[in-house]
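Only one structure is covered here, and it is reproduced in the block below.
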Amino acid sequence: MSNKDNRFGLAVAQMGPVQLAEDRTTVVRRLLEMMREAAARGAKMVVFPELALTTFFPRYWMEDQAEVDARFFEAEMPGPQTRPLFELAARLRIGFYLGYGELTPDGHHYNTAILVDETARIVARYRKIHLPGHSDHKPDAPFQHLEKKYFEVGNDGFGVTDMLGTRIGQCLCNDRRWPETYRVMSLQSARIVTLGYNTPSWNIHWNEPPHLRMFHHLLSLQANAYQNGLWVAAAAKCGFEDGFHMIGGSAIVAPSGEIVAQAQGEEDEVIFASCDLQLGETFLQHVFNFAKHRRPEHYRLIVERTGAGAPLAPSELST
Ligand code: CDT
């Protein structure tokens, strides 16, 4: 089943915390070091986290938008501080995925990720679609989760890109919990789904036992890798950022649903897997042969309803 030509060296670069006071240059230096390690281990591409260049700033209520823009958003990519990443990638002939806050020339804000190929060309951009949290100030909460304040909902969809001899899709953090994310990409024949995340260990909305955070993170990756016959590469930013803890657990998951590499701690750490890109075919030609077994005529509600409503009459269920 496995063939050397189908092998794809895939690295995930987990990041330990980035403190509020840290500057981009220090952070980029850490990313460069991990990119070097990934290339030395034979990776064709390395996946960095969501909002990799700064602390996870949506935990803070801030009112001075000009200051937020200057401190936490990138008005150009690459910019002066991120250019070294592109230069090293071209020199090492390695692709990468990078998450960052995007400020567009006409003033829009997105939680964005890009795919960069081995010539350092940006070949795809993804703007986060499932934005979690809230937009109002919650002064009684231990911290905020203000993604709905600082970002607009992404307008690019879940694209898949031909790159590095395979098909790669992107999503960001909360997207990984939604089955639609992966199915839309697997229907475009994605072989690898890349994602970065910042997942606080505590839930400000209810008293969720912290161990469930890790369990649901891995459950989402594993179930969706299997049900869509694809590889999933997930990179955390984790540990204590100014006293606020986020889970680690960066992982590479095979189309079998098995975890083939997982970060050990909550610091900067590169994990690597030599991925058999044909492995997904085993599932996609049989149990998940979409063309043969999917029944979209019975899935109407998935695109027609957002929230749950009343049961439909049998005659209304199918098209
Ligand atoms: N960054 C991000 O999307 N974090 C969310 C936290 C959800 S709780 C408001 C996540 O799904 O991990």
Which number do you get for Rg(Cα) / (2.2 N^0.38 Å) in the chain?
0.99
Taking H as built 1.01 Å from N, whose amide H comes closer than 5 Å to the amide H of Val123, not counting residues under 5 places away?
Leu115, Val116, Asp117
GNM on the chain, C-alpha springs below 10 Å: top fluctuator among Arg183, Arg305, Arg71?
Arg305
Additional length obtainable on full extension of the chain from Ala90 to Val153, 0.36 nm per residue less Cα span
19.5 nm
Residue by residue through region 112-128, which ³J(HN,Hα) values in whole Hz follow from phi under the Karplus form 6.51 cos²θ - 1.76 cosθ + 1.60 (θ = phi - 60°), with glycine and proline marked x?
10, 10, 10, 10, 10, 8, 6, 9, 6, 8, 6, 9, 7, 10, 10, 10, 3
How far apart, in nm, are two points set 7 Å out from the Cα along the Cα-to-Cβ line at His108 and at Ala70?
2.6 nm
So for R0 = 45 Å, FRET eff. of Leu218-Leu312 from the Cβ-Cβ r, to 0.05, ends up at 0.85
Name the residue farthest towards the positive end of the dipole of the chain from the options Leu164, Met214, Val12, assuming +1 on Cβ of Lys and Arg, -1 on Cβ of Asp and Glu, about the Cα centre.
Leu164
R0 = 45 Å: FRET efficiency of Gln278 with Glu22, Cβ-based, nearest 0.05?
0.60
Interchain or sequence-distant (5+) residues whose placed amide H lies within less than 5 Å of the amide H of Cys275 are Phe8, Gly9, Leu10
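Tally Lys/Arg at +1 and Asp/Glu at -1 over every other residue whose Cβ is under 15 Å from the Cβ of His205; what's the total? Walk me through the numbers on the way to the answer.
Details: positive: Arg59, Lys138, Lys148, Arg177, Arg213; negative: Asp136, Asp140, Glu147, Glu208.
Summing Lys/Arg as +1 and Asp/Glu as -1 gives +1.
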Helix-only mean residue ellipticity at 222 nm for the chain, each DSSP H run of n ≥ 4 adding -39500 (n - 2.57), per residue, nearest 500:
-7500 deg cm²/dmol
At a Förster radius of 45 Å, what calculated FRET efficiency corresponds to the Cβ-Cβ distance of Asp140 and Ala40, to the nearest 0.05?
0.40
Region 257-284-region 83-129 distance, computed between alpha-carbon centres (Å)
22 Å
Based on DSSP, what percent of beta bridges with both residues in the chain are antiparallel, to the nearest 5?
65 percent
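Local charge sum around Thr319 (other residues, Cβ-Cβ under 12 Å, Lys/Arg +1, Asp/Glu -1)? Kindly include the intermediate steps, with their values, before the conclusion.
Values: positive: Arg295, Arg300; negative: Glu297, Glu304, Glu316.
Residues close to Thr319 contribute a combined charge of -1.
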Within 11 Å, Cβ to Cβ, of Ile129, how many net charges do the neighbouring residues add up to if Lys/Arg are +1 and Asp/Glu are -1?
-2
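Using the crude model of +1 on Lys and Arg Cβ and -1 on Asp and Glu Cβ, and no other charge, please compute the dipole size for the chain relative to its Cα centre, in debye to 20.
On the way: 32 positive and 38 negative charges, 217 e Å.
The dipole magnitude comes to about 1040 debye.
Only the coordinates and a few stated rules stand behind these numbers; no lab work does. This is a predicted model, so every value here is computed, not measured. Neighbour counts run over all protein chains shown; Cβ positions are idealised from the backbone, glycine included.
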